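Report on the structure given below.
The values are calculated or read from the model by the stated rules, or taken from the named source; none is laboratory data. These numbers come from a predicted model, not from an experiment. Note: ideal-geometry Cβ built from the backbone for every residue, glycine included; neighbour counts use all protein chains shown. To get the accessible areas, we keep the full protein, side chains included, count just its heavy atoms, and leave off ligands, DNA and RNA. Shrake-Rupley method; radii C 1.70, N 1.55, O 1.52, S 1.80 Å.
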Amino acid sequence: MSSDYNFQQWKKALQNLERTIFVDLDYQERKAHDKELCDAVLRISGILGSYMCCYNDALDCLQQNLQVQKTVYIQKIIKTIASRILELKEQLRKLDGSYYEFLCGGLTKHKLTPFDTELKCLPSKYIRPANIQRIISEAFQKARYKSEEENPEENFEETASEPKIDNWWDLPDDAKESTKTKGINITEIYEVEEKISEETLTKRKLLSLIQAHEKTRQITQQNILRHQRRILWEKELSGTLKPPARLEIRERGATIIQKVMRKYFELKRIRIKHCKIEELLGMNVCRHINHNSYQEKERQLYLERCKLIDKFTERWKNDYINKKNLFFRQRKDFIADDYRDFIRDWFKRWFDEVQFFHAIPKESQGGLVNIIKEELPTPSEWLELYKTYMEQKKAKKNKTAAELKYEKIEAKREEILIIKEEIKKKKLEAELLKKIMKNPNMHPGYNFPASKKVIRLIESIEDYKSHWSDWDKLNILEVKQGFINEIDIENIYCEANEEVLLSIDEDMRREYQMLMAALKEDYKRNNEDMPENIKESAQRVKKKRKPKIVQEDVLFDKLCDLAVKGILVEHPTTKIEDFLGDYNFVGDKLKCDLKLVHPFGGEIRSVWWERCREVIHGFRRILLVGPSGSGKTVLVHIMATINDATLYDLNLLEFQNKSKDEIKSLVAALLLCAHATQPSIIYIRHINRLYLKKAPVGEETNSTELRKLLVKRLTRKIHQTDKISLIGSCVVPWLTKSKQMTKHFPTVVLMPPILYATTQLILRNWVSSNRIVPPSLDIQSVARHLQGHSVGYLKRMLEAFITANRSIKIAASGLSPDEIYDYFLQSDDEPEDYEKYHKWYIEKTHWGNIEKKHTEDQIEFKINVERWMEKMEKNKKKKVTE
């Protein structure tokens with residue numbers, strides 16, 4: 001992608017964003033009103049979708065941007081867009097009463113599709129320190145080396161004792177030779193099983209498939225040629241072979257063939273065109289597409305782009321440092337002298353007007369910068385403040401310390417009472433509004449909610465325009481890629497001035513102390529009281545938590561131990577679109593019909609983007625609920641990939657035979673490593689085993705102890721500001737103590753049901769990735785029969801379906817949907833009942849209860865409206881009769 005194209009795309013993205021902000025502000029200023037709840041939801045979802053589309057466009061421009069100095073401004077705009085998106089999501093949840101957003105109805109008014117609004121990436125990542133990253137990579141490398149170094153147990157097979165043969169002299173010579181004693185075969189005795197990794201096994205499997213396919217092709221071709229030659233040979237021998245045709249007939253035949261072939265290729269082109277249209281619409285797969293090659297090309301282009309960006313950034317930084325050093329060599333002394341003269345004049349002005357010197361602010365309060373910018377009060381202003389300060393001080397002198405303390409306590413009480421009264425007023429207003437909302441005669445309707453984040457978004461755009469609008473109009477190469485020297489000179493001048501002020505700070509403070517000492521002597525000599533500095537109430541500054549410093553050797557040993565045990569794992573790079581699933585296109589309409597709606601894969605991806613964004617913002621606890629193979633681990637890998645987080649994978653099935661001390665030491669090592677390698681994710685599989693209502697016999701004490709040692713210890717020892725996410729996966733939530741489990745894991749994400757669209761997508765990917773499978777296979781009918789099964793089960797069965805023998809049969813006789821369906825019927829697995837999971841979610845989770853109550857209230861309101869309408873009609877009829 002050229003820099004000029006990216007420059008034009010960024011201009012378009014800014015225009016679209018400004019258009020969306022204009023519509024948003026228009027709705028807020030004129031307080032757009034909707035009588036029906038569905039219309040209000042559609043209005044908010046449309047604006048939300050527009051902002052999501054702008055976010056994707058801006059993020060794409062940021063990733064392709066080669067202008068180094070623009071990056072900061074674009075990142076600022078993207079952050080403000082993200083904050084507005086999150087605000088709209090919260091407003092939509094409050095209005096609609098559902099944790100998941102169904103945007104399809106609102107997007108159509110803005111000419112958008114759900115795929116345009118799918119959020120896939122984050123604007124910024126937390127960069128882990130280089131030494132920690134090095135230790136993690138070394139730990140993985142050592143764990144790999146140890147696993148390869150371990151030798152499998154040698155299998156010594158005892159040789160079977162040979163049966164004793166009587167009358168061996170009567171046997172023939174061949175039998176005598178076979179009965180002769182032979183020497184010991186060392187290779188047979190010391191036969192060692194070869195340890196083969198899963199990767200090599202899959203490679204061998206694929207190679208065997210390729211060999212079988214090539215062999216079948218060659219054999220069929222040879223058989224056809226042999227058959228054709230035999231027919232010609234038989235005809236030639238019997239004398240029935242026809243002589244070659246005349247030249248005229250050949251020419252006529254050639255013209256006919258030419259016309260037929262031209263028509264054939266014309267029809268073929270039309271068919272390919274229709275095929276491509278159907279593929280774009282997602283209706284059918286007509287040809288084999290190698291998605292891996294496209295993905296690899298995209299990845300290579302992205303890496304090349306990143307290298308180019310790094311090259312420009314490094315060049316810009318070096319040039320910036322060189323210019324800054326040159327500026328310091330030439331101008332540092334002159335600027336320092338100017339600032340010294342300015343501050344001395346400031347001292348002189350204060351002494352002339354007030355016969356006093358204002359204290360130099362501390363560095364935390366601004367330091368000398370406040371004096372240069374003239375942000376401190378003037379001498380005349382300070383004199384008025386000093387008079388009021390002295391009057392307050394005299395008034396306090398007559399009071400005791402206990403009275404002053406009592407006054408402070410009373411003032412705090414009054415503040416608390418005022419806050420409580422405001423809260424009561426808001427509660428009363430909310431209760432009154434609820435009652436009004438239930439009354440059809442007094443229902444006020446729904447106004448578009450006001451926003452606090454739009455102002456920041458407008459400010460960020462104006463900031464960009466003030467710095468870059470003039471440069472963008474020039475349309476020169478430096479605006480599109482590289483850097484602009486003039487901008488660097490301005491920034492260098494500002495930074496140099498600040499650094500010069502810091503360098504003369506000590507000298508000016510020393511001069512201030514000397515002046516104050518001389519001033520004290522003057523006042524003492526004249527027997528006058530010297531004014532004092534106005535004491536300001538010191539604000540308490542929150543102390544930042546200092547991370548515990550762990551020795552690198554200790555951390556390396558702990559990480560190696562966890563990696564060898566399989567707890568610290570290397571996760572595959574997984575994108576958010578790898579979580580398969582379509583959008584619930586009629587979700588908003590079903591909610592308007594007052595029905596409880598299942599979220600599909602698209603809604604789960606939208607929610608998971610929010611959860612991925614929260615990883616670097618503090619400690620989070622998430623519960624993933626769904627059957628095995630529904631994609632819970634895929635979501636964890638997505639989160640780890642997007643945030644570049646270290647993943648700790650705990651399987652509770654492996655904790656049953658471990659002692660209390662072993663679990664304690666493991667949790668301690670896990671906490672130490674998770675704190676040191678932030679951002680990090682702790683993934684606990686089968687968390688439902690810790691919260692079972694009826695635990696298996698002999699495991700009752702184990703589950704309670706494990707819960708105390710593992711979950712409670714982790715939640716207590718991890719601080720709210722730590723960049724650690726604790727994720728648990730639950731398979732059978734209805735058998736657990738749900739209240740306790742949702743207390744430890746407040747955020748619950750329900751896995752979507754695998755319906756026809758998702759099943760068809762899995763089958764389509766399977767057909768396109770396997771060349772042996774004919775692309776004309778009727779996957780629609782197969783998808784209808786297989787819907788309901790989990791994604792993991794479908795992928796596993798489809799991979800096992802293609803064997804060497806079956807590939808030969810497919811090449812010879814093709815493949816029918818019945819064969820695939822019969823193969824699935826051989827297994828005992830049945831489709832999962834997702835209604836159980838949705839019922840548990842509605843009854844036992846926080847957002848499920850909100851959704852249920854919201855639906856019940858809307859049903860009640862609908863009944864009240866119908867009654868009120870009937871009553872009004874009766875009154876009209878009475879008036880007419882009268």
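For the residue pairs 12/120; 70/453; 425/877; 146/660; 276/465; 434/871, alpha carbon separations beyond 31 Å are given by 425/877; 276/465. Simple point charges give the picture: +1 on the Cβ of Lys and Arg, -1 on the Cβ of Asp and Glu, and for the chain a dipole about the Cα centre of about 2800 debye.
Relative to the longest principal axis of the Cα atoms of the chain, the long axis of helix 37-64 lies at roughly 80 degrees. Coordinate range of the alpha-carbon atoms in the stretch 307-376 per principal axis, descending: 62, 26, 14 Å.
Once the Cα atoms are used to define both axes, helix 401-438 deviates from the longest principal axis of the chain by about 50 degrees. Segment residue 8..residue 441, full-extension length gain: 150.6 nm, with 0.36 nm per residue of separation and the alpha-carbon distance subtracted.
Return the FRET efficiency for the residue pair residue 871, residue 22: r is the Cβ-Cβ distance, R0 is 51 Å, and the value is rounded to the nearest 0.05. According to the calculation, E is roughly 0.70. Taking 611, 413, 246 and ordering them by how much accessible surface each has at a 1.4 Å probe, largest first, produces 246, 413, 611. Taking every DSSP helix (H) stretch of at least 4 residues in the chain, weighting each as -39,500 (n - 2.57) and dividing the sum by the residue count yields a mean residue ellipticity at 222 nm of -21500 deg cm²/dmol.
Taking every C-alpha pair closer than 8 Å and separated by at least 6 residues, the mean separation divided by the residue count of the stretch 628-698 gives a relative contact order of 42 percent. Residues 60, 345, ordered by accessible area of protein heavy atoms at a 1.4 angstrom probe radius and largest first, appear as 345, 60. Is the shape of the stretch 374-531 rounded, prolate or oblate, going by the alpha carbon gyration tensor and its root eigenvalues a ≥ b ≥ c, with a/c under 1.5 for rounded and a/b larger than b/c for prolate? Note, shape of the stretch 374-531 comes out oblate.
Rg over Rh for the chain works out to 1.08, both radii taken from alpha-carbon positions and Rh defined as the Kirkwood radius. In this structure residue 275 has an accessible area near 20 Å², from a 1.4 Å probe over the protein heavy atoms.
Label positions at residue 573 and residue 326, each projected 7 Å from the Cα along the C-beta direction, are separated by 3.9 nm. If you wrap the Cα atoms of the stretch 710-776 in a convex hull and average its projected area over all directions, you get 8.1 nm².
Estimated at the nearest 10 Å², the accessible area of residue 419 is 90 Å² with a 1.4 Å probe.
Distance between the pseudo-spin-label points of residue 341 and residue 304 (7 Å out from Cα toward the beta carbon): 5.7 nm. Using a probe of 1.4 angstrom, how much of the accessible area of the chain is carbon and sulfur, in percent? About 53 percent, which is the carbon plus sulfur part of the accessible surface.
Applying a DSSP loop filter and a limit of 15 other Cβ atoms within 10 Å to the trypsin sites (Lys or Arg not before Pro) in the stretch 1-43 leaves 30, 31, 35. Computed over protein heavy atoms with a 1.4 Å probe, the accessible surface of the chain works out to 65 Å² per residue. Overall, the anisotropy analysis places the stretch 540-683 in the prolate class: the square-rooted eigenvalues a ≥ b ≥ c of its C-alpha gyration tensor yield a/c not less than 1.5, with a/b exceeding b/c.
The GluC sites (Glu not before Pro) of the stretch 681-786 that DSSP puts in a loop, and whose beta carbon has at most 16 other beta carbons within 10 Å, are 699. Taking the DSSP beta bridges with both ends in the chain, the antiparallel portion is around 20 percent.
Let me make sure I get this right: for the stretch 618-707, a, b and c are the square roots of the gyration tensor eigenvalues over alpha carbons, sorted descending. Under 1.5 in a/c it's rounded, otherwise prolate if a/b > b/c, else oblate. Which is it? It is oblate, given that a/c is not under 1.5 and a/b is not larger than b/c.
Relative contact order of the chain: 18 percent, from C-alpha pairs under 8 Å at least 6 residues apart in sequence.
Please list, by residue number, every one of the GluC sites (Glu not before Pro) in the stretch 1-55 that is coil in DSSP and has at most 12 other beta-carbon atoms within 10 Å. Those satisfying the criteria are 36.
Applying 0.36 nm per residue to the separation of residue 385 and residue 410 and subtracting their alpha-carbon distance, the gain on full extension is 6.4 nm.
A full extension of the chain between residue 318 and residue 739 corresponds to an added length of 145.8 nm, given 0.36 nm per residue minus the alpha carbon distance.
For residue 874, a cut-off of 17 angstrom between C-alpha atoms picks up these aspartates and glutamates, skipping any fewer than 8 places away in its own chain: 866, 882. Rounding to the nearest 10 and keeping the result within 0 to 90°, find how far the Cα-based axis of helix 485-503 lies from the longest principal axis of the chain. Once rounded, one gets 50 degrees. Calculated over the stretch 329-439, the projected area of the Cα convex hull averaged across directions stands at 14.7 nm².
If only the Cβ of Lys and Arg carry +1 and only the Cβ of Asp and Glu carry -1, the dipole of the stretch 543-653 around its Cα centre is close to 680 debye.
Given a Förster distance of 45 Å, report the FRET efficiency between residue 269 and residue 829 from their Cβ-Cβ distance, rounded to the nearest 0.05. For R0 = 45 Å, the calculated efficiency reads 0.50.
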